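Just so you know, all these numbers are worked out from the coordinates, no wet-lab data involved. Not measured: the values here are computed from a predicted model. Neighbour counts are summed over all protein chains in view; Cβ atoms, including those assigned to glycine, are modelled from backbone coordinates with ideal geometry.
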Amino acid sequence: MGIAWDDVVLIQLGKSPGEPSVITVNCPDKAGLGCDLCGIVVEFGLSITKGDFCTDGSWCYVVLWTVPQPSTLTVDWESLKSRLLSVCPSCSISFYFNQQYNSSLPPPLYMLKVFCVDRKGLLHDVTKALCQLELLIQRVKVMTTPDGKVLDLFFIIDSMDLLHTKKRREGTCEQLSAILGECCISCELELAGPEYESQQGFSSLQEAVAEELFSSELSTKEACSQALSPEMKKVKTANITIDNFMSPAHTLLQIQCVDQKNLVYDILRTSKDCDIQIAYGRISPSSGGSRTVDLFIQKTDGKKIVEPDHQNSLCSRLKEEMLHPLRVTIANRGPDIELLVANPVELSGKGRPRVFYDVTFALKMLGICVFSAEIGRHSTSNREWEVYRFLLDDSPEFPLASSQARNKIVDRVRRTLMGW
């Protein structure tokens, strides 16, 4: 019945450096599958340069052309294939229902405690190691002591679901200790207990800061300053058109916008949250700093999107996600300087992949030390946000009282997140 399990996900590696590797997924369809697949691709540090999606509502065929992001040195292709397989509905009906039942159980949460001597780039080095180990960060609490030591608490989920084994736990601590070297004092990993609940509290945001981070009514000036790099000024905004005459059964959604990292994920995440079904999609390669996406879509009842209010709502939501997918700002937090990064959370509760990785990478490249860091959730009237907060250490190289230095930090972090 169905196709062989090994043929559900096929990966053809590029034959030469710079040549895209092609990922093909051929399996039964399910709501939001394209978003789930792209989210995993992003987790492994890959960018999607081109893509094709096709489904008849029961079976889907997805082809993604991918290249490593600049900060990605190696990709574990076997692990990537296993992760992609884990979200594909099985071709075996009995196994499919077992899979659905098991997926309803929340994955166990573990607490990783790393105590070490502080140094520049330490937080990113730990984050990078966790990504390589396929450990997903759910919450973070970083605390620096007056004597120059730091305690990092990472609340993590294991994508491989093996942390219940002694071998996986010990291997994780050994790898982290090897990466950190002599500065590592101790490394412990255990199931999260009541201490996780104590970390759920999130200090309130200043009203002005919250308004800047979460406002959906962005001015044209704000949208362009957040979304565009100087090299891409000729693409001023995201252009979205809706055509109900091209297909007898589907609405054609055509998107042209600035090319940026994780663009395909953002489009599919928004479609998933808006209950839009994609019957066919084509993501064209980047040309002149812009990207074109064609999607033939339907509502969940199998009908076209003909209502003007529904069309306007969908276009507005997509434009916001493409022009302003991440919010970055610097603010005063008492006597300290705080970097804040926010991104919307999927309705399923999943946060955006690799945000913490990219922000800590940008700070490491700038040579900026992090005094403390935390990840929390913030709810507004219409959605939930994941918020990353970093208290930054002042230094002679980066005097944080300088507006020029602050602007440089915000610009570097945003460029890293957007892939510019």
Residue-normalised 222 nm signal for the chain, counting each DSSP H run of n ≥ 4 as -39,500 (n - 2.57), nearest 500 deg cm²/dmol, is -10000 deg cm²/dmol
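What do you get for GluC sites (Glu not before Pro) in the range 318-410 restricted to DSSP loop and a cutoff of at most 16 other Cβ within 10 Å of the site's Cβ?
Values: sites: E320, E321, E338, E346, E374, E384, E386, E397; in loops: E346, E397.
Taking the range 318-410 and a limit of 16 other Cβ atoms within 10 Å, the loop GluC sites (Glu not before Pro) found are E397.
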Roughly what would the spin-label model give for S186 and E174, points 7 Å off Cα along C-beta, in nm? 2.1 nm
Which of the lysines could a cross-linker bridge to K364, judged by Cα under 19 Å and excluding same-chain residues fewer than eight apart? K120, K128, K141, K149, K408
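On full extension of the chain, what length is gained from A31 through S284, given 0.36 nm per residue of separation minus the C-alpha to C-alpha distance?
Values: separation 253, 0.36 × 253 = 91.08 nm, distance 2.31 nm.
Residue separation times 0.36 nm, minus the Cα-Cα distance, leaves 88.8 nm.
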Can you figure out the FRET efficiency of E397 with K350, using R₀ = 30 Å and their beta-carbon distance, to the nearest 0.05? 0.25
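Provide the gained length on full extension for the span V63 to K120, in nm with one decimal, where the gain is 0.36 nm per separating residue minus the Cα-Cα distance.
Contour length minus the Cα-Cα distance gives 16.5 nm.
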Under 19 Å from K303, Cα to Cα: aspartates and glutamates that are on another chain or at least 8 residues apart: D29, D56, D243, D273, D275, D294
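When N counts the residues of the range 333-383, how does its alpha-carbon radius of gyration compare numerically with 2.2 N^0.38 Å, as a ratio?
Against the compact-globule rule of thumb, the ratio is 1.35.
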Place +1 on the Cβ of every Lys and Arg and -1 on the Cβ of every Asp and Glu in the range 106-201, take the dipole about the Cα centre, and give the residue among L191, Y110, I156 whose Cα lies farthest towards its positive end. I156
For the chain, max minus min Cα coordinate along each principal axis, in Å, sorted largest first? 69, 52, 45
Starting from the Cα of N332, step 7 Å along the direction of its Cβ; do the same at S79; then give the gap between the two resulting points in nm. 4.4 nm
Can you spot the lysines whose alpha carbon is less than 16 Å from K299's alpha carbon? Ignore those fewer than 8 places along the same chain. K30, K272
Lys/Arg +1, Asp/Glu -1 at C-beta; the chain dipole; positive extreme among G376, G171, I242: I242
In degrees, nearest ten, helix 93-103 long axis to first principal axis of the chain (Cα): 30 degrees
Restricting things to alpha carbons, find the Rg to Rh ratio for the range 106-201 using the Kirkwood radius for Rh. 0.94
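Dipole of the chain, Cα-centred, from +1 at each Lys and Arg C-beta and -1 at each Asp and Glu C-beta, to the nearest 20 debye? Mind dumping the intermediate values first?
Values: 44 positive and 52 negative charges, 149 e Å.
So the magnitude is around 720 debye.
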Using the Cα centre of the chain as origin and beta-carbon charges of +1 (Lys, Arg) and -1 (Asp, Glu), tell me which of W420, S215, F53 is placed farthest towards the positive end of the dipole. W420
Give, rounded to the nearest 20 debye, the magnitude of the charge dipole that the range 106-201 has about its Cα centre when Lys and Arg contribute +1 at Cβ and Asp and Glu contribute -1 at Cβ. 120 debye
At 7 Å along the Cα-to-beta-carbon direction for both T145 and S313, put a label point, then send me their distance in nm to one decimal. 5.4 nm
Relative packing of 292-303, 21-32, which averages over residues the other C-beta atoms within 10 Å, highest first: 21-32, 292-303
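Under the 0.36 nm per residue contour assumption, what length would be gained going from the current alpha-carbon distance of L162 and N382 to full extension? Numbers along the way, then the final one.
Details: separation 220, 0.36 × 220 = 79.20 nm, distance 3.62 nm.
Taking 0.36 nm per residue and subtracting the Cα distance, the gain is 75.6 nm.
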